[in-house]
Every structure is written in structure tokens, then in C-alpha cells.
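Reading through the C-alpha cells given below for one structure.
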Amino acid sequence: MKAIIVGFGFIGRELVRTLHDKLDKIRSLDREFKVVGVSDSKGYLYNDDGLDLKKLSNVKRLSDYSTEYREGRSTEELIEISDADLMVEATPTNIKDGEPGLTFIREALNKEIHVVTSNKGPLVVAFKELTRLAEKKGCHLLYEGTVAGAVPIFSLVRECLQGDKINRILGILNGTTNYILSRMYFEGTSFELALKEAQERGITERDPSYDIDGIDAACKVVILANALMNRDVKFEDVKRTGIRRITQEAISLAKKSNFAIKLVGIIDRRIEVAPKLVPINHPLCVHGTLNAVHIETDLAREITLVGYGAGRETVSAVLNDMLTVLREKAQNRD
Amino acid sequence: MKFDLTIALADRPGQLVKALEPIAKNGGNIISIIHEREKVSDGFVPVSLVVDFPSKWNLRKTIEDLKRLKVAIIKSEEIIDTMRITTILIGKVDIKRLAETGIRNVEIIGFEVSAPASKDSCLKLELEIPTEHVEEALDDLRRIAEAENALLLSPL
């Protein structure tokens, strides 16, 4: 199988490193597996015999890899010429119009290339369109890394809860706000100081409002509602309240009654992201940068998954999606 | 609908079975029975029952039948299921005005105001709400919070 990677930011680079580390495992499913192209916003690398993953793991910019770097050329061109079977799309999230990831995913699916993405933007903007297109073209469109990072919520439902109807989803879907609220809860820190700490640790987005006003969590709510509850939800449908007004006094009052204040995404008759009082013994009450997704179904009743929602851990989800495609291709071959 | 039904039975074998028959006949589902033996008086034992009837009419019919069997009724009243809910309002909220405005079906059973070190004050309310009215009571609170430009924190 030939794969291309679109986007060479944090996730793209970590993925290349992981593919190199786990190459034996990947090749046990597909002896022919190779990465033939990688692109960034300024150009791409392409080699039909496969790029050197070890060498690629050690470069910060694609242009440092070799003179093979085709500067000024587009990702669309890479998709066109590469004859790839699988595209991993890891460009930055843009929830306004989903670009540039949306165009890349459309183009890949139209060329019957399987797509794995860690980018929320295209799914928030055009979930139904993309899933229908993937179905029409007989392609996988997998996006485990878009919600709660390494937490395998979509795989769990797809593989293990095929007969269940999901009635409600609750989630702590943003690690940054959970870190801030946890610092306020355990250390008595003010909101402003906890935010500053989070920024110093590099766990906030460049624009902190993306985290603290619940925008990131609302994007994940949109994807969860559409993917797991077959809704047709747009970003504007999510009632959204952030954590800017949460004060130390409110945290203390909640604590006295055995609650923690958490930014929770809720999908039932409401579609909402808002700070809520979460009982401290509730499985959703996780702290630090942890994420949690709690689902309520008709048969299994309640299941909670807890894990890390951002950073290097997200590569686990992307790799698992890639292996899902590889395994199915291998089964079809047999 | 659940009812607390307390009857007085003669302290003789077979009296309870006789009294339970009209309850079953009128569609009552007995949830609990307590013989209050420590309260025996003049040869009668008070028996407290919690019974789920489809409607008040079924309870009335049961009481008529029990009276016909010479079973004395000590108490019969509806049990209203309530929930205790904690909420926190962040912002300038006047507790006096809130109490005066009143929230439908809600009893404020406790509150705590936090001294505002920051610009917004915090008001924690412990509420008792009939289970069937929880959603509408929270909607009322939400409306009040919005009108006061306060942030309402409700439980999951």
C-alpha cells in the first residue's frame, strides 16, 4: 500500500517517527507498505519507491529532507500524481470553512483513496457530505484522532457496540480547560493564573479562546453527534458557554457539596458545551489534561472511556485508523 | 402515583391478608409494608403501606372497600418524589429577589453566598424539586440567570 501524509506539523512529524518505529508491525500486515509522499503548505516530497522514514524523522522541515522537495507545488498535485491508496490528512484545524483539509479530503475520496484524518475542521463543516462521498466511493474515512485524541470512542462503537443505540453522550473533551479547572480545584489557583500556567506549558491553542470559550469542545460535540447518534448537527447548533466566568469562589462552593466544575459536552435532547457541576465520584470526573467520554446506550447502559486528548498520544489513534485500513485491504487480498 | 396508606388492623391472624385484597383488586402495587408493633393500642396494630396506584380514583375505591371490611384508615396521602439539586449562580444575583420571584414547584432548602474576592459573587442554592418538575424548574432558573446576566451551573 502506498500512503501519503498531508501536513507536516506536530502530528505529521510524530506520525512519521512512529511509522518508522513501528514499521515491522505495519509490514506484518502489508509487506509493500510505504510512504510515497509528504506535503506541507509550501510544497511536497514525492518518491514512488518510498521515502526514507528514518531520514524524514530527523528533519524539522520537509525542505531539509533532500533536493527532492518540490517547493511551490500543491498538495492537490501530490494527490493527483501519487497513485496513493491511503492519505493521512493532518493539516491545521479551520472550523470556518474546513480548508485546506476539506478540499484535500474531497479530492482524495474522489480518487478512491482511503482517508485518515486528525483534523476536526472538515468534519465540523461537512460531515454528512464527506461520509456520503466516502460511502459512494467505497472508501474508508476514519477520524479517531479528531475527538479526545487517543481515546478510541469511534472504534469502540464501530466494533463493539454495533447493536446498541446511543441515547446520550457526555464528555470532557478539552484537556486545556480541564487542566485549568483542575488547578483551580486542587491548588486554589485563580482562573487567570491557571490559564497562564497552561500557556507556559504549551498546552493551549495560539488563541486561548478556542479552548476556554468551548469552541474546540463544541467541534468535538458536532462530530460525536453526527458520527455516533446519526444527527445532522452544525457548529452553530451547539449552545456554548466557556469557563471565563468560573471563579475560585464557585469552585470552593461546589467542592463543599462534593462537586467539581468541569466543561462538559452534552448530547441528548440538548446539544451543549457548558461548565457543569460533576459529582466527584462520577466516572466523568477526571482531572489534569485527561479527557473522558461517557456514553449511555440502550443495551450496554453506561460506558466511560478516559485518556489523553491531545499531543503525541493522538498519533495512537491515527496509526490505529491506518492499521484498520491496512488490515481490511489485507483481508480482501486473502 | 405513590401513596402512604396507614391502616389499623385487629391483632389477630388473617387480618393483613383480608386488608390486602382490596388493594390488589383496585390495581395497587404494594411497595412496602411495616407493622408498627410498638404502637399496638386496644388490640389494634397500625400497618403502614406504601402503595403505587394508577390514579387517585383507585385509592378512593380501595379506601371504600377497606371501610366496608371495617378496617380503620389512619392516614392516606400522596407521596411526592422529590430531588435535591445543587446549583451555583455566578454573577450579581439578589437572593432576596430570587426568593420573592419564586421558582415554580421549588423549595429553597439552603443557600450559601461566597464573599466576592473577584467581581462576580457566587450563590449556591440547595433546592428540593418534585422529580417530575426538575426540568421546568431548571429552565426557570436558567431564565432568571439570563435576565440577571448570571451564569448558572447545574448538575449533569
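The values are calculated or read from the model by the stated rules, or taken from the named source; none is laboratory data. Here the structure is a predicted model, which is why all the values come from computation and not from measurement. No Cβ is skipped: glycine too gets one built from the backbone with ideal geometry, and neighbour counts run over all protein chains shown. Please note that ligands, DNA and RNA were not included when accessible areas were found on the heavy atoms of the full protein model with its side chains. Shrake-Rupley method; radii C 1.70, N 1.55, O 1.52, S 1.80 Å.
Some points to look at:
- Peptide A:238-246 has a mean of 2 when you count, residue by residue, the C-beta atoms of other protein chains within 10 Å of its C-beta.
- Sum of -39500 (n - 2.57) over DSSP H runs of 4+, divided by residues of chain B (222 nm, nearest 500): -9000 deg cm²/dmol
- Where labels lie 7 Å past Cα in the beta-carbon direction, separation of A:Ser41 and A:Asn230 in nm: 4.0
- Placing one equal scatterer on every Cα of chain A and applying the Debye formula, the log10 ratio I(q)/I(0) at q = 0.11 Å⁻¹ is -0.72.
- Alpha-carbon centroid distance for the pair the range B:91-156 / the range A:8-62, whole angstrom: 55
- Computed as a quarter of the hull surface, the mean projected area of the alpha carbon convex hull for the range B:20-72 stands at 3.7 nm².
- Only DSSP H runs of four or more residues enter the estimate; each adds -39500 (n - 2.57), and after division by the residues of chain A the mean residue ellipticity at 222 nm equals -12500 deg cm²/dmol.
- The A-B contact accounts for approximately 2000 Å² of buried accessible area, totalled over both chains at a 1.4 Å probe radius.
- Residue-averaged beta-carbon neighbours from other chains (10 angstrom radius) around A:141-151: 0
- For the peptide B:77-88, the mean number of other protein chain Cβ atoms found within 10 angstrom of a residue's Cβ is 2.
- Within the range A:27-47: backbone nitrogen closer than 15 Å to the A:Asp64 label point (7 Å, Cα to C-beta): none
- Stretched out straight at 0.36 nm per residue, the stretch from A:Arg244 to A:Lys165 would grow longer than its current Cα-Cα span by 24.9 nm.
- Dimensions (Å) - the range A:39-156, Cα atoms, principal axes, largest first: 40, 28, 27
- Over the range B:99-142, the ratio between the Cα radius of gyration and 2.2 N^0.38 Å evaluates to 1.32.
- Where the Cα pairs of the range A:150-258 fall when distances are cut into 10 Å bins, in %: 13, 37, 30, 18, 2
- Of all accessible heavy-atom area on the range A:187-334, the percent that carbon and sulfur account for (1.4 Å): 45
- A DSSP coil position with no more than 14 other Cβ atoms inside 10 Å describes the following trypsin sites (Lys or Arg not before Pro) in the range A:86-183: A:Lys96, A:Lys165.
- A:Val306 versus B:Glu136: modelled label distance in nm, points set 7 Å from Cα along the beta carbon direction: 3.9
- In nm, spacing of pseudo-spin labels at B:Thr6 and B:Arg60 (7 Å Cα→C-beta vector): 2.4
- Calculated FRET value between B:Glu21 and B:Ser48, using beta carbons and R₀ = 22 Å, to 0.05: 0.75
- C-alpha long axis of helix B:134-147 to longest principal axis of chain B, angle in °: 20
- Near-label residues of the range B:49-80 by backbone N, under 17 Å of a point 7 Å along Cα→Cβ of B:His35: B:49-50
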